[in-house]
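The structure appears below as structure tokens.
The values are calculated or read from the model by the stated rules, or taken from the named source; none is laboratory data. What you are looking at is a predicted structure, and each value in this text was computed from that prediction instead of being measured. Quick reminder, even Gly has a Cβ in these numbers, built from the backbone with ideal geometry, and neighbours come from all protein chains shown. SASA here: full protein model, heavy atoms, side chains in, ligands and nucleic acids out. Shrake-Rupley method; radii C 1.70, N 1.55, O 1.52, S 1.80 Å.
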Amino acid sequence: VQLQASGGGLVRAGGSLRLSCAASGSGLSSSVMGWYRQAPGNARALVAEITSGGLTNYVDSVKGRFAISRDYAQNTVFLQMSSLKPEDTAVYFCNAKRWGVFSFDYWGQGTLVTVSS
């Protein structure tokens, strides 16, 4: 499985960005795909995730501002980020994981989001 993230950039506080993660490989249709972020000096942490059935989960700090979605046909996951805050500044990583007998846990290369005040 390969994950290619894109869409990061510099935006002013209050602005919006849309991240994309194009995935290729087998088993993706049954995976949980998500976005994590890592700010300088901090550990990588979950931002949002979406299951193969479309159930979503968000960290409290982005609820109501971010929306994760998934194009199952194209194996692509998106993160629409609105009302961005300086504290959203981080490198954002996409992830695909599956549990069970044929488990996997793959990461994309990361895309930098910088929110200026």
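Pairs needed: first member in the range 96-117, more than 14 Å from ARG44 (Cβ to Cβ); second member anywhere, open to solvent by 50 Å² or more (accessible area, probe 1.4 Å) and part of a strand (DSSP E or B); C-beta distance under 6 Å; at least 6 residues apart or different chains.
ALA96/TYR106; PHE104/ARG98; THR114/LEU10; SER116/ARG12
Could you tell me whether SER83 is touching a residue at least 60 places away in the same chain (Cβ under 8 Å), surrounded by fewer than 20 Cβ atoms within 10 Å (Cβ to Cβ) and part of a loop (DSSP other than H, G, I, E, B)? Step through it out loud before you land on a result.
Values: touching a residue at least 60 places away in the same chain (Cβ under 8 Å): yes; surrounded by fewer than 20 Cβ atoms within 10 Å (Cβ to Cβ): yes; part of a loop (DSSP other than H, G, I, E, B): yes.
When the stated conditions are applied, SER83 passes them.
Return yes or no: is SER52 open to solvent by 50 Å² or more (accessible area, probe 1.4 Å), in contact with a strand residue (DSSP E or B) (Cβ under 9 Å, 6 or more places away or on another chain) and within 22 Å of TRP99 (Cβ to Cβ)? It would help to see each step written out before you state the result.
Working: open to solvent by 50 Å² or more (accessible area, probe 1.4 Å): yes; in contact with a strand residue (DSSP E or B) (Cβ under 9 Å, 6 or more places away or on another chain): yes; within 22 Å of TRP99 (Cβ to Cβ): yes.
Answer is yes for this residue.
Residues GLY14, GLY64, GLY7: which one is at positive phi, touching a Ser or Thr at 6+ places or on another chain (Cβ under 9 Å) and crowded, with 16+ Cβ neighbours inside 10 Å? Reasoning before the result, please.
On the way: GLY14 fails: crowded, with 16+ Cβ neighbours inside 10 Å; GLY64 fails: crowded, with 16+ Cβ neighbours inside 10 Å.
That would be GLY7, the only listed residue that is at positive phi, touching a Ser or Thr at 6+ places or on another chain (Cβ under 9 Å) and crowded, with 16+ Cβ neighbours inside 10 Å.
Residue by residue, here is whether (1) within 14 Å of the chain's Cα centre (by Cα); (2) within 11 Å of LEU79 (Cα to Cα) holds:
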{"position": "ALA13", "(1), (2)": "no, no"}
{"position": "GLY25", "(1), (2)": "no, no"}
{"position": "SER30", "(1), (2)": "no, no"}
{"position": "GLY34", "(1), (2)": "yes, yes"}
{"position": "PRO40", "(1), (2)": "no, no"}
{"position": "ALA45", "(1), (2)": "yes, no"}
{"position": "GLY54", "(1), (2)": "no, no"}
{"position": "ASP60", "(1), (2)": "no, no"}
{"position": "GLY64", "(1), (2)": "no, no"}
